[in-house]
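Shown next, in structure tokens, is the structure this report addresses.
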Amino acid sequence: MSKDRIYIFDTTLRDGEQVPGCQLNTEEKVTVAKMLEELGVDVIEAGFPVSSPGDFNSVQEICKAVTEPIICGLTRAKVVDIDCAAQALHFAKRKRIHTGIGASDIHIEYKLKTTREKVLEQAVAAVKYARRFVDDVEFYAEDAGRADQEFLARMVEAVIKAGATVVNIPDTTGYNLPQMFGDKIKYLVNNVPNIDQAIISVHCHNDLGLATANSIAGLMSGARQVEVTINGIGERAGNTALEEVVMIAKSHPHLNLETNIDTTKLFPLSQLVSDMMGMPVQPNKAIVGSNAFAHSSGIHQDGVIKHRENYEIIDPADVGVPESTIVLTARSGRAALRHRLQNLGYPFDKGDMEVIYIRFLELADQKKQVDDQDLHELVNSAESLV
Ligand code: KIV
Ligand code: ZN
């Protein structure tokens with residue numbers, strides 16, 4: 001069966017960068033954009049040009065510096081925003097305007113203070129207006145995750161008819177469960193008559209920790225674009241993490257989801273974004289956390305030393321992590337200690353291990369981790385006892 005190509009739409013520089021404290025200057029954004037290009041993303045959402053002169057300038061500079069991916073600018077469904085985005089995208093080789101409006105009754109009543117019919121009119125008008133500037137227009141139905149199914153289907157049909165090439169179904173508040181979100185996409189696939197004329201995109205937030213699961217459910221139901229950020233950074237609890245979606249697709253070939261991503265660049269880019277934004281990656285973060293390939297319990301260490309795949313489903317080299325690590329703590333066993341001592345040039349065999357292992361445990365009970373310097377000292381003092 002042929003693989004289904006999925007498009008990676010990276011919004012690190014828009015949804016990610018809008019997090020307080022994560023702002024980047026133009027030069028930094030261009031650096032990240034170039035690395036996203038090398039990573040192989042299909043679309044870079046470079047910013048929200050009308051939001052500030054600085055963001056406008058960054059979008060413009062990214063358009064000049066990056067040639068391979070589509071460069072996208074966000075707008076509200078307003079003429080002033082669309083005019084501004086069209087101008088900011090002027091130098092892009094491949095450009096897209098991303099416009100949209102609220103789709104849920106909560107947004108329509110309490111945020112937009114209008115009616116469903118008026119929202120439909122504004123959505124259609126915005127798409128038609130954006131099409132005057134670019135051939136590629138993505139429409140987002142904000143808060144689609146909590147929108148009425150039938151109304152959402154009407155909206156999607158109307159904007160495709162107006163010229164939208166991509167329809168983005170965001171779970172803006174991260175409310176959905178994977179099955180619910182997958183069903184939402186399936187409903188659109190089955191009930192929007194012109195759905196074959198556009199690509200369905202999924203854009204999930206992580207308020208319940210389900211952003212990645214929901215995105216995968218959307219892709220399994222027929223979406224072909226997924227909106228993600230490096231390290232999952234984004235509003236509140238964040239967005240879907242690019243590295244997670246890509247490695248799920250790679251680790252489960254039966255899903256038939258293929259990306260253009262060079263996975264060996266994932267870890268270096270994660271580090272760069274974390275350093276530039278001053279946003280540490282949690283140690284237990286999937287794929288790119290400092291503990292993602294670290295083994296600390298004796299049973300696991302013994303298993304990994306015997307055969308890496310006993311406890312690892314991903315080869316660290318595949319995501320640009322130099323190697324798995326065996327962390328020596330009071331939970332480590334003799335096998336891990338011996339392995340590490342051998343790497344340091346102390347060829348202990350099993351029989352010689354007992355004295356040193358007892359002393360190691362004494363030290364490990366006092367310290368969180370035993371490092372190489374501790375091991376040298378331990379060997380020297382143990383030798384003086386033998
Ligand atoms: O979460 C959201 O709904 C968004 C849209 C602007 C696409 O970020
Ligand atoms: Zn968002």
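The values are calculated or read from the model by the stated rules, or taken from the named source; none is laboratory data. Since we're looking at a predicted model, the values are computed, not measured. Cβ sites come from the backbone with ideal geometry, for glycine too, and all protein chains shown count toward neighbours.
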Practice prompt. Test F139 against the stated conditions and say whether it is more than 12 Å from ligand 1 (Cβ to nearest atom), closer than 24 Å to G238 by Cβ and either buried (at least 22 other Cβ atoms within 10 Å of the Cβ) or modelled with pLDDT under 95 (or both).
Written response: no
Discussion item. For the condition closer than 18 Å to V228 by Cα, within 16 Å of ligand 2 (Cβ to nearest atom) and assigned by TED's automatic domain parsing to the domain that holds A162, what is the one hit in G102, G40, G16?
Written reply: G16
Response to the item:
Note on V245: of the conditions (1) within 19 Å of M279 (Cα to Cα); (2) touching a residue at least 60 places away in the same chain (Cβ under 8 Å); (3) among the β-branched types (V, I, T), unmet is (1)
Item to complete: Scan the range 189-206 for residues that are out of contact with any Asp or Glu (no Cβ under 9 Å at 6 or more places or on another chain) and either at pLDDT below 95 or closer than 22 Å to I106 by Cα (or both) and report the count.
Response: 1
Practice prompt. Select from the range 144-154 the residues that are over 17 Å from P193 (Cβ atoms) and crowded, with 21+ Cβ neighbours inside 10 Å and list them in ascending order.
Written response: A144, G145, A147
Worksheet item: Inside the range 123-141, can you point out the residues that are more than 21 Å from I106 (Cα to Cα) and assigned to a strand (DSSP E or B)?
Response: V137, E138
Practice prompt. Confirm whether Q149 is farther than 25 Å from R224 by Cβ, assigned by TED's automatic domain parsing to the domain that holds A46 and away from ligand 1 (no atom under 14 Å from the Cβ).
Written response: no
Fill in: Residue check, H307 at pLDDT below 95, surrounded by 18 or more Cβ atoms within 10 Å (Cβ to Cβ) and under 21 Å from R331 (Cβ atoms)
no
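Per-residue answers, yes or no, for (1) more than 16 Å from ligand 2 (Cβ to nearest atom); (2) within 28 Å of Q369 (Cβ to Cβ); (3) basic (K, R):
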{"position": "D207", "(1), (2), (3)": "no, no, no"}
{"position": "A211", "(1), (2), (3)": "no, no, no"}
{"position": "G218", "(1), (2), (3)": "no, no, no"}
{"position": "N231", "(1), (2), (3)": "no, yes, no"}
{"position": "R236", "(1), (2), (3)": "no, no, yes"}
{"position": "L269", "(1), (2), (3)": "yes, yes, no"}
{"position": "S274", "(1), (2), (3)": "yes, yes, no"}
{"position": "R308", "(1), (2), (3)": "yes, yes, yes"}
Worksheet entry | the range 7-59 - residue that is surrounded by 24 or more Cβ atoms within 10 Å (Cβ to Cβ) and assigned to a loop (DSSP other than H, G, I, E, B) and, of those, nearest to the chain's Cα centre (by Cα) | T11
Item to complete: Just name the residue that is surrounded by the fewest Cβ atoms within 10 Å (Cβ to Cβ) out of those in the range 60-99 that are outside any loop (DSSP other than H, G, I, E, B) and basic (K, R).
Response: K64
Fill in: Which numbered condition E117 fails, given (1) under 14 Å from I101 (Cα atoms); (2) in contact with a helix residue (DSSP H, G or I) (Cβ under 8 Å, 6 or more places away or on another chain); (3) without any contact (Cβ under 8 Å) to a residue 40 or more places away in the chain
(2)
Worksheet entry | Residue tally, condition more than 19 Å from E244 (Cβ to Cβ), of a type in the set (F, W, Y) and within 14 Å of ligand 1 (Cβ to nearest atom), over the range 168-199 | 1
Worksheet item: When only residues in the range 193-247 that are among the acidic types (D, E) and not in a strand (DSSP E or B) count, which is farthest from P280 (Cα to Cα)?
Response: D196
Worksheet entry | Complete set of residues in the range 228-256 that are within 13 Å of ligand 1 (Cβ to nearest atom), more than 8 Å from the chain's Cα centre (by Cα) and crowded, with 23+ Cβ neighbours inside 10 Å | G234
Worksheet, complete the sentence: Pairs returned, first residue in the range 77-89 that is in the same structural domain as K118 (by TED's automatic domain parsing), second residue that is polar (S, T, N, Q) and surrounded by fewer than 20 Cβ atoms within 10 Å (Cβ to Cβ), beta-carbon separation under 8 angstrom, 6 or more apart or interchain, are A77/Q122
Practice prompt. Evaluate the following for V202: is it within 16 Å of ligand 1 (Cβ to nearest atom), over 11 Å from the mean Cα position of the chain (by Cα) and surrounded by 24 or more Cβ atoms within 10 Å (Cβ to Cβ)?
Written response: yes
Fill in: So I160, is it away from ligand 1 (no atom under 16 Å from the Cβ) and either crowded, with 17+ Cβ neighbours inside 10 Å or basic (K, R) (or both)
yes
Worksheet item: Condition test on L120, is it away from ligand 1 (no atom under 14 Å from the Cβ) and either in a loop (DSSP other than H, G, I, E, B) or not assigned by TED's automatic domain parsing to the domain that holds N239 (or both)?
Response: no
